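Taking it in order: structure first as structure tokens, then the write-up.
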Amino acid sequence: METKKPASTAAETSVATGATVKKAAKAPPRQVALPNYPSVRQLAELLSVSSIEVIKQLMRRGIMANINQVIDFENAVLVARDFGFEAVALPVKSTRAGARQVAQEDKAALQPRPPVVTIMGHVDHGKTKLLDAIRKTNVVATEAGGITQHIGAYQVEVDGRRITFLDTPGHEAFTAMRARGARVTDIAVLVVAADDGVMPQTVEAIDHARAAGVPIVVALNKIDKANANPERVKQQLGEQGLVIEEWGGDVICVPVSAKMGQGISELLENILVVAEVAELKANPDQLAEGVVIEAKLDKTRGPLATVLVQDGMLKEGDRVLAGNSWGRVKAMFNDKGKRIKRAEPATPVEILGLNTVPQAGDRFQVAADDRVLKELVQQHQAEKETTKSMSLSELASKISAGEVKELNVVLKTDVQGSIEPIKASLERLKTEKAKVGVIHASSGSITESDVLLALASRGIIVGFNTSVEPGARRQAEAEGVDIRLYNIIYELVEDVEKALRGLVEPSYLEAVEGHAEVRAVFGAGKGRKVAGVYVTDGRLHRSALVKVLRQGQVLHQAQVDSLRRFKEDVREVGAGFEAGLGVEGFAGFEVGDLIEVYRRERKTE
């Protein structure tokens with residue numbers, strides 16, 4: 001009986017006749033209909049893959065998105081192609097059962113939202129008083145008793161339009177949120193006192209705002225004071241690259257007096273102008289997402305978190321994940337302490353119902369059901385890894401692969417005079433693939449604020465003849481921030497240049513050239529001290545690299561800056577001779593200290 005031969009497959013061959021083996025015909029790609037602006041979660045559901053897998057594909061294309069974020073159709077098509085799908089446009093709404101989120105067919109779904117503003121500036125320049133003055137101008141007599149709720153943020157209304165102010169303690173908290181992956185602020189208001197001018201923290205605030213890429217509005221405070229000098233302050237701002245409008249620049253500068261209540265209305269109006277230019281929009285019809293502004297444990301109500309809704313509509317009863325905390329929103333309160341049922345984009349609210357206290361800067365997201373909540377937990381763990389900083393060698397490999405276009409550097413030096421030459425040398429470095437961006441430069445030791453800025457900008461910290469504060473070192477180790485310390489400028493520049501070219505940074509070996517013992521200590525004026533030393537072995541020469549050792553511990557490493565015998569400058573002192581020795585940046589010699597002379601040699605593979 002003849003059996004029916006099955007349909008031949010593309011891989012079938014006729015071995016007996018010696019026929020050529022045919023390759024399996026490639027199956028045609030599956031088709032998937034996509035809305036014009038799908039969210040990451042929707043795209044994952046339509047492709048039948050995990051949201052984490054979609055997020056990874058987007059990250060490979062340089063797009064940092066979360067599960068609720070909307071992406072454009074072009075990128076959605078590319079992701080679909082990665083998973084073997086051919087995408088076609090779907091001009092109708094598509095939602096999963098039980099979810100409130102809707103797909104955006106066009107940008108008409110986006111609606112204007114209030115701007116979110118952070119007040120920054122130098123200590124004692126009037127940040128708190130300005131916030132208080134803004135709050136008071138928006139309180140009518142009947143409401144005065146209600147403004148007692150402190151939830152870290154509040155809204156004011158100007159001509160029917162709202163502005164959200166973050167009541168944070170300055171640029172460090174602002175950058176800490178960025179370091180945790182939260183883009184919170186739309187506009188930074190820089191408060192500068194008209195009688196005091198630009199100060200170190202003013203410069204630091206400018207650098208932090210620039211690193212975040214937010215527009216700056218200058219509030220020139222204390223103009224009521226007799227010694228106020230606005231023109232001098234404007235000139236100082238120009239020296240920092242903030243050229244105000246009346247001088248031909250694009251930075252708005254508003255004279256105010258927080259104490260007298262002058263200029264507050266003008267400041268608010270100008271904030272709205274900047275917001276209008278930015279065209280800030282959000283989709284209130286999707287699941288809510290945002291950031292935790294602050295959180296605490298209340299003895300009677302349990303964990304409380306102040307959150308800023310950045311997109312979507314937050315409602316009572318929503319399932320929420322905030323960092324490592326989760327739960328259902330049992331109750332919400334606005335900045336006046338009034339209980340509300342829903343919160344629109346750019347609205348700050350205090351929520352009750354989380355199982356633990358989240359951290360400031362944690363992302364919060366609403367899940368449609370328990371399954372999505374589990375996905376959000378996985379995504380949170382993945383995002384934590386992306387916020388880690390990178391070492392110089394890791395940055396070098398990223399630059400070589402074309403994944404990083406700019407090497408961000410926080411520069412700290414021992415003295416102010418060292419900043420400009422080193423900064424200029426670094427900023428001249430560039431290749432076809434990348435360039436150096438010095439996002440902050442100042443003198444002094446490396447602090448926790450420097451570590452936060454490097455972490456938030458995914459950069460490194462370069463120190464020249466300076467030290468690292470203990471708290472900063474602990475934080476850098478915990479967060480994976482690379483701190484590089486140098487005593488020689490050319491080595492500093494060379495390492496950065498190697499990283500830009502995508503090469504592994506050079507390694508150096510230390511070759512000991514001699515030792516000397518401190519036998520006396522002499523004052524040399526202006527707090528400076530020199531050591532009377534006896535060279536026990538090897539040789540000691542001017543400009544040599546030395547380590548000052550005490551009981552085996554390194555106290556200081558620097559160059560010899562003076563070497564004398566019998567009041568005469570000499571180039572070199574050999575073993576068995578005495579000399580007077582000065583070391584750069586060190587005056588703490590004690591009798592019995594050991595001076596180790598060494599040179600650094602390039603390690604050859």
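The values are calculated or read from the model by the stated rules, or taken from the named source; none is laboratory data. Model, not experiment: these values are computed from the prediction. Reconstructed Cβ throughout: ideal geometry from the backbone, glycine too, with neighbour counts over all protein chains shown.
Remarks
- Where residue 236 falls short, out of the listed (1) buried (at least 21 other Cβ atoms within 10 Å of the Cβ); (2) of a type outside the set (Asp, Glu); (3) assigned to a helix (DSSP H, G or I); (4) under 27 Å from the mean Cα position of the chain (by Cα): (1)
- Single unsatisfied condition, residue 304 versus (1) within 24 Å of residue 370 (Cα to Cα); (2) surrounded by fewer than 13 Cβ atoms within 10 Å (Cβ to Cβ): (2)
- Complete set of residues in region 245-256 that are within 15 Å of residue 197 (Cα to Cα) and either free of Cβ contacts under 8 Å to residues at least 12 places away in the same chain or not in a loop (DSSP other than H, G, I, E, B) (or both): 253, 254, 255
- Flag if residue 522 is exposed (fewer than 15 other Cβ atoms within 10 Å of the Cβ), of a type in the set (A, V, I, L, M, F, W, C), in contact with a strand residue (DSSP E or B) (Cβ under 6 Å, 6 or more places away or on another chain) and without any contact (Cβ under 8 Å) to a residue 60 or more places away in the chain: yes
- The strands (runs of 3 or more DSSP E) found wholly in region 122-228 and carrying at least 1 residues that are touching a Leu at 6+ places or on another chain (Cβ under 7 Å) and at pLDDT below 85 occupy 153-158.
- Residues that are buried (at least 19 other Cβ atoms within 10 Å of the Cβ) and of a type in the set (Lys, Arg), drawn from region 211-228: 222
- Residue that is nearest to residue 127 (Cα to Cα) [pool: residues in region 257-276 that are out of contact with any strand residue (DSSP E or B) (no Cβ under 8 Å at 6 or more places or on another chain) and touching a residue at least 60 places away in the same chain (Cβ under 8 Å)]: 259
The rows are residues; the columns are (1) surrounded by fewer than 20 Cβ atoms within 10 Å (Cβ to Cβ); (2) out of contact with any helix residue (DSSP H, G or I) (no Cβ under 6 Å at 6 or more places or on another chain); (3) not charged (D, E, K, R).
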position	(1), (2), (3)
441	no, no, yes
446	no, no, yes
451	no, no, yes
470	yes, yes, yes
484	yes, yes, no
487	yes, yes, yes
499	no, no, yes
517	yes, yes, no
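- Unmet criterion (only one of (1) in contact with a Leu (Cβ under 9 Å, 6 or more places away or on another chain); (2) within 19 Å of residue 255 (Cβ to Cβ); (3) touching a residue at least 24 places away in the same chain (Cβ under 8 Å)) for residue 234: (3)
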